[in-house]
Amino acid sequence: MTTLDKAWFDELSELLRIKSVSADPAHGDDVVRAAEWVADKIRRGGGEAELVPYGERPLVVGEIRASAGADSAPTILCYGHFDVQPPAPLDLWESDPFEATIRDEWLYARGVADDKGQLWMLLHAAGQLAAEGALPINIRIVSDGEEEVGGQSIVQFLEQDDRGADACVIFDGGMESRDLPALSIATRGLAAFNIRVHTGERDLHSGMYGNAAMNAIHALTETLGGILPRDGRVPDALRIGITPVTDEERDGWAQQPAGADVLRDAGAVPYDPKAADEFYIRTTAEPSVEVNGIVGGKPGLKNTTVVSDAQANFTVRLAPGQTPEAVVPEVERLLKEAAPAGATVEVEELEGSTRPGLVATDSPVIKIAQEAFESAFGIRPILTRSGGTLPIMPALQDKGIPTILTGFALPESNVHSPNERMLVEFFPRGVDTIRELYTRLGDLS
């Protein structure tokens, strides 16, 4: 087993010990403490940093200047977040979630993979190069404490920041196996909705009115059927604007674990017979619709009622190339058309819709990242897409800043779950890889 330098472990443990759970107001002070820790780490690395009030939680904004010729050196924006998910359920943790613990080849703690551990690597590599007088780039760090609650302050900050950058580096992702690093050149967007269906003035006795009076739950499921996938694809009206997948991306998918294995390891039942074979295109390059919750009647109780009111919440993931402005009206239209005659349907788009992000596969920044990984990590990363949503990606795209989105979390890292963990060997290998990346980014003109 690769060991972790004691000084590194002790320092990282300090950050992991801070209970910066952004979703819990009781830990508001802890989120601020984590911000202060990150700012201090930047200062210890030879840079400057401050906490900037922005929304409900502060941003950390800092800079570590190039060792020589800072005025002419490329500027690289680095982003990571210092807030974490709640640790519950605590009884499933095998050790204290906020006390870093090494067992076998893993380092366990909440946030060690998402994203404190990876943010620490970014900062530590920069500090090392600066101490050696070998940092060829200006590193501008912007870090937030609300990523886990979908905060938009980092997006708003970028919209108002006119300084720009030659590239952005984000280590807040992962790889499907320890032997195959990946660069995510795209993220999906997200639009969230509530829908309510009303079919009568009040609930009715099913023996007296059943099969004669419209049931709101039945009407709701029929209405939702207007947007649900068929044969692995949502209706054509919800597929407008999709950016096609490149051959290089398809080659990358072929190197990743088979979709059937991914689904099986997740304990999931395939959506349909083609789901396993189409796993990567469905989860990263196509839009999807998921009903996330349904409320109606009296769940869990034996009752004989024709229900008059039912509601649901659902989300639509947008594929790269799509926009909420184009897709959202089509969602509402399809629902209204699918609703049975006589039902009253109310559709509400929730705040916070996010566009997809996309980086050109032939970008010089992407090629530099591939070469850096191959040199330091020992393996050339594949190009793939992330099925998740990262609001900072389209914000960077709007600014013309190409982005390197990658990371060292594995499927078994238990991100957002009990016993979150990161391979111990990935800390020294990660720092070496990031050092190589920073060094090669110095060649950007």
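The values are calculated or read from the model by the stated rules, or taken from the named source; none is laboratory data. Not measured: the values here are computed from a predicted model. Reconstructed Cβ throughout: ideal geometry from the backbone, glycine too, with neighbour counts over all protein chains shown. Note: areas computed on protein heavy atoms with side chains; ligands, DNA, RNA excluded. Shrake-Rupley method; radii C 1.70, N 1.55, O 1.52, S 1.80 Å.
Matching residues to (1) of a type outside the set (Asp, Glu); (2) in contact with a Gly (Cβ under 9 Å, 6 or more places away or on another chain):
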position: 101; (1), (2): yes, no
position: 104; (1), (2): no, no
position: 127; (1), (2): yes, yes
position: 130; (1), (2): yes, yes
position: 141; (1), (2): yes, yes
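Looking at the stretch 179-210, which of its residues are in contact with a Ser or Thr (Cβ under 6 Å, 6 or more places away or on another chain) and among the acidic types (Asp, Glu)? If the condition is that a residue be in contact with a Ser or Thr (Cβ under 6 Å, 6 or more places away or on another chain) and among the acidic types (Asp, Glu), then 203 is the only one that fits.
Go through the stretch 218-245 and give me each residue that's hydroxyl-bearing (Ser, Thr, Tyr) and surrounded by 15 or more Cβ atoms within 10 Å (Cβ to Cβ).
Scanning the stretch 218-245 gives 221, 223.
Taken as a whole, the structure leaves residue 374 outside the set of residues that are closer than 24 Å to residue 145 by Cβ, out of contact with any Phe, Trp or Tyr (no Cβ under 9 Å at 6 or more places or on another chain) and free of Cβ contacts under 8 Å to residues at least 24 places away in the same chain. Note on the stretch 46-63: among residues that are open to solvent by 60 Å² or more (accessible area, probe 1.4 Å) and modelled with pLDDT of 95 or more, the one that is nearest to residue 11 (Cα to Cα) is 46.
Flag not set for residue 83, criterion: at pLDDT 95 or above and surrounded by fewer than 18 Cβ atoms within 10 Å (Cβ to Cβ). Checked against the criteria, residue 158 counts as buried (at least 21 other Cβ atoms within 10 Å of the Cβ), in contact with a helix residue (DSSP H, G or I) (Cβ under 8 Å, 6 or more places away or on another chain), within 20 Å of residue 353 (Cα to Cα) and not small (Gly, Ala, Ser). Selection within the stretch 339-397: residues that are part of a helix (DSSP H, G or I) and of a type in the set (Asp, Glu). The member of this set that is nearest to residue 78 (Cα to Cα) is 371.
No other residue among 23, 66 is in a loop (DSSP other than H, G, I, E, B) and either surrounded by 15 or more Cβ atoms within 10 Å (Cβ to Cβ) or of a type in the set (S, T, N, Q) (or both) apart from 66. Here the stretch 256-310 is the region considered, the condition is being open to solvent by 80 Å² or more (accessible area, probe 1.4 Å) and outside any loop (DSSP other than H, G, I, E, B), and the residue that is nearest to residue 239 (Cα to Cα) is 290.
For residue 43, the criteria (1) open to solvent by 20 Å² or more (accessible area, probe 1.4 Å); (2) charged (D, E, K, R); (3) in contact with a helix residue (DSSP H, G or I) (Cβ under 8 Å, 6 or more places away or on another chain) hold in every case but one, which is (3). Scanning the stretch 396-430 for residues that are surrounded by 22 or more Cβ atoms within 10 Å (Cβ to Cβ) and touching a helix residue (DSSP H, G or I) at 6+ places or on another chain (Cβ under 6 Å) returns 403, 404, 407, 408, 421, 422, 430.
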